[in-house]
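Student: Dropping the structure in here first, questions after.
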Amino acid sequence: MTAIIRLAECLTSIRRLAFISRPGPDSRSGWAGRARGEVRVEVSVEAQDKTIRFFESGTFLLEGRATPVPFSNCYRWELGDTRIALFHERRGADQAVWLFALIAQGPASLVSAEAHLCGEDRYRARLSLVDEGFDLSWTIQGPRKDESLSYRYRR
């Protein structure tokens, strides 16, 4: 079974997430911290297209702070035969921001097909399938950004 098929099957079972944000030496955000939350999954199938949305909510604790802040996101996964595209619907479904397309690199891993440019920022990703879900690591690099995000999605 290919990594694309395995990921497509895994996406609908995800219920929890955790992530760590680490700024690199060239980051101007200083956005370092940890988050935990829940994922509500919504599947829609129209003709040949299959879309899975992750409605994420939880709390983020910025390093050096005592009180966590709430967060929420909506990510849209569009499943294709040879790639899975990821969008961030921060401004709604009609104004979704394309992040990257993932292609199989092996039986349990996918990588971004190419770096995605958003303004002057480059987005890259690596996804590893594990027994209880998957790990998704991304990097964002640009004139003011040098960010590393490590997500753990679990059933």
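Student: Using the count of nearby Cβ atoms within 10 Å as a rough guide to exposure, how do H116, H88 rank from fewest to most?
Tutor: Least to most surrounded, the residues fall as H88, H116.
Student: Once a ≥ b ≥ c are taken as the square roots of the eigenvalues of the Cα gyration tensor of the range 70-155, is the result rounded (a/c under 1.5), prolate (a/b larger than b/c) or oblate (a/b not larger than b/c)?
Tutor: Since a/c stays below 1.5, the shape of the range 70-155 is classed as rounded.
Student: Using Cα-Cα distances under 8 Å and only pairs 6 or more residues apart, what relative contact order does the range 45-141 have, in percent?
Tutor: After rounding, I find 15 percent.
Student: Taking the chain as a Gaussian network, Cα atoms linked when under 10 Å apart, which of S13, S21, S112 shows the biggest mean-square fluctuation?
Tutor: Ranking S13, S21, S112 by mean-square fluctuation puts S13 first.
Student: At 222 nm, what helix-only mean residue ellipticity would the chain give, in deg cm²/dmol to the nearest 500, using -39500 (n - 2.57) for each DSSP H run of four or more?
Tutor: Calculated from helices alone, the mean residue ellipticity at 222 nm is -1500 deg cm²/dmol.
Student: Enumerate the calculated ³J(HN,Hα) couplings along the range 77-85 in order (Karplus 6.51 cos²θ - 1.76 cosθ + 1.60, θ = phi - 60°), each rounded to whole Hz, writing x wherever the residue is Gly or Pro.
Tutor: 9, 10, 8, x, 5, 10, 7, 10, 8
Student: In whole Å, what is the distance between the alpha-carbon centres of the range 33-71 and the range 80-143?
Tutor: The two parts, judged by their Cα centres, are 15 Å apart.
Student: Could you go through the range 144-155 in sequence order and give the Karplus-derived ³J(HN,Hα) for each residue, using 6.51 cos²θ - 1.76 cosθ + 1.60 with θ = phi - 60°, rounded to whole Hz, and x for Gly and Pro?
Tutor: Listing the rounded values in order: 10, 10, 8, 10, 10, 10, 10, 9, 10, 9, 9, 5 Hz.
Student: Name the long-range amide H neighbours of G142: under 5 Å, sequence gap of 5 or more, or other chain; modelled H, no Pro or chain starts.
Tutor: Correct list: R122.
Student: What net charge is computed for the residues neighbouring R144, neighbours being all others with C-beta under 14 Å from the C-beta of R144, Lys and Arg scored +1, Asp and Glu -1?
Tutor: -2
Student: GNM on the chain, C-alpha springs below 10 Å: top fluctuator among D94, D49, D26?
Tutor: Checking each option, the largest mean-square fluctuation is seen for D94.
Each value in this text was obtained by applying a stated rule to the coordinates, not by laboratory testing. This structure is a prediction, so every number in the text was calculated from the model and none was measured. Quick reminder, even Gly has a Cβ in these numbers, built from the backbone with ideal geometry, and neighbours come from all protein chains shown.
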